[in-house]
Amino acid sequence: MANSDPELIITFWLWWGLFSQLRRRGRGCGESGAFILGRRDGAKLRASRILYYDDIDPNALKTGIVRLSGSAMSAVWEVCESEQLEVLADVHTHSGSSEQSRSDQQYPMIATSGHIAMIIPRFARSMFDLSGVGHFRYRGAKKWDAMSPPSVGFFTLKFGGHS
Ligand SMILES: [Zn+2]
């Protein structure tokens with residue numbers, strides 16, 4: 001049920017850091033990406049930490065398209081375990097629009113139902129272009145729902161369900 005999806009909450013501070021890092025790491029000409037980690041709090045997912053792909057896999061950004069090795073994923077699970085966090089979402093940039101590519105749809109970073117994938121357009125040039133942010137939830141079997149862009153809360157951004 002789409003309307004029982006938990007809401008993902010990201011503070012402005014974390015969002016600002018995410019954008020500046022994605023922009024810097026992609027150097028304005030390549031994709032970059034990260035996992036958003038945090039804790040589940042009832043019906044809310046509270047983001048608290050960003051784990052950048054190129055920090056866990058030095059080759060992740062080398063081809064211009066984000067790619068992660070299997071050993072990079074074990075690094076992710078180690079961080080989650082040692083800091084008592086879980087992966088709440090993944091995020092990556094595109095040069096153009098925030099629509100999912102065919103490979104984004106075919107190869108979810110985390111293939112569990114309900115997993116959130118975000119796509120930031122134009123290599124994360126503007127953190128204020130909220131309506132341009134792609135927000136997708138995985139439904140299993142390579143199917144995704146395109147969700148509403150984030151809305152602004154009290155010093156936070158909220159990724160809710162369908163509007
Ligand atoms: Zn993509």
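The values are calculated or read from the model by the stated rules, or taken from the named source; none is laboratory data. Everything quoted here is computed from the prediction, not taken from an experiment. Note that each Cβ is placed from the backbone with ideal geometry, even for glycine, and that neighbours are counted across all protein chains shown. Please note that ligands, DNA and RNA were not included when accessible areas were found on the heavy atoms of the full protein model with its side chains. Shrake-Rupley method; radii C 1.70, N 1.55, O 1.52, S 1.80 Å.
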Looking only at the stretch 84-92, decide whether some residue is away from the ligand (no atom under 16 Å from the Cβ) and either modelled with pLDDT under 95 or acidic (Asp, Glu) (or both).
-> yes
All positions within the stretch 33-72 that are hydrophobic (A, V, I, L, M, F, W, C), buried (at least 17 other Cβ atoms within 10 Å of the Cβ) and assigned to a loop (DSSP other than H, G, I, E, B) | Ala60, Leu61, Val66, Leu68
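Please count how many residues of the stretch 124-163 are of a type in the set (Phe, Trp, Tyr) and in contact with a Gly (Cβ under 7 Å, 6 or more places away or on another chain).
Result for the stretch 124-163: 1.
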Hits in the stretch 88-110 (condition: touching a residue at least 40 places away in the same chain (Cβ under 8 Å), open to solvent by less than 40 Å² (accessible area, probe 1.4 Å) and out of contact with any Lys or Arg (no Cβ under 9 Å at 6 or more places or on another chain)) | Ala89, Asp90, Val91, His92, Gln100
Write out, first by first residue and then by second, each pair whose Cβ atoms fall under 8 Å of each other, whose residues are 6+ apart or on separate chains, and whose first residue, in the stretch 63-78, is without any contact (Cβ under 8 Å) to a residue 12 or more places away in the chain and closer than 20 Å to Gly26 by Cα while the second is more than 16 Å from the ligand (Cβ to nearest atom) and not acidic (Asp, Glu).
-> Arg67/Asn59
May I ask you to verify whether Leu130 is modelled with pLDDT under 95 and surrounded by fewer than 20 Cβ atoms within 10 Å (Cβ to Cβ)?
-> yes
Run Gly64 past the list (1) touching a Pro at 6+ places or on another chain (Cβ under 8 Å); (2) on the phi > 0 side of the Ramachandran plot and report the number of the one that doesn't hold.
-> (1)
Can you name the residue in the stretch 146-163 that is touching a residue at least 40 places away in the same chain (Cβ under 8 Å) and open to solvent by less than 50 Å² (accessible area, probe 1.4 Å) and is also farthest from Ile119 (Cα to Cα) among such residues?
-> Gly153
Arg139: passes all of (1) under 21 Å from Leu37 (Cα atoms); (2) within 10 Å of the ligand (Cβ to nearest atom) but (2)
Reported set for the stretch 73-84 where residues are open to solvent by 20 Å² or more (accessible area, probe 1.4 Å) and not hydroxyl-bearing (Ser, Thr, Tyr) is Met73, Ala75, Trp77, Glu78, Val79, Glu81, Glu83, Gln84
